[in-house]
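One structure below.
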């Protein structure tokens with residue numbers, strides 16, 4: 001049962017990360033950049049990355065041809081969120097994917113123009129992260145930035 005739920009999660013994560021790519025794919029033949037922000041070491045996250053790659057292949061996307069991945073780990077140092085988020089912005093990623101719910105408040109303060117896929121947030125409305133699940137927008141004082149989905 002746990003293995004089935006993990007596969008469903010990985011498929012959802014891969015599909016959600018592909019939404020902005022699919023929406024823009026017809027507009028250009030450019031190489032899209034997907035930024036990943038994890039709390040743990042990249043080695044610990046490698047099984048999920050393999051699932052993401054498989055999901056992208058199933059959707060017809062090939063890494064290195066259609067998109068590149070920019071992986072960054074907090075190494076469980078949450079105070080580094082603004083620094084790493086700023087680095088992903090400088091790399092000009094097209095979307096940021098994170099399963100690190102604790103990093104979302106700092107991430108939303110740092111990133112205002114890049115869609116964020118929240119794969120690890122419970123009750124994003126109650127926590128003030130999005131306005132609704134039907135049309136999630138990151139909430140930030142007087143300005144809003146688009147978000148692609150929630151988990």
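What follows draws every value from the coordinates through simple rules; no lab data is involved. No experiment lies behind these values; they were computed from the predicted model shown. Counting neighbours? That spans all protein chains shown, and the Cβs are built from the backbone with ideal geometry, glycine included.
Remarks
- Label-point separation, residue 65 to residue 77 (7 Å along Cα→Cβ), nm: 3.9
- Neighbour-count order for 77, 65, fewest beta carbons within 10 angstrom listed first: 65, 77
- Theoretical FRET efficiency, 1/(1+(r/R0)^6), r = Cβ-Cβ of residue 30 and residue 102, R0 30 Å, to 0.05: 0.35
- Computed FRET value (nearest 0.05) for residue 109 with residue 57, which takes r as the C-beta separation and R₀ as 30 Å: 0.30
- Extending 7 Å from the Cα toward the beta-carbon at both residue 43 and residue 125 defines two label points whose distance is 4.2 nm.
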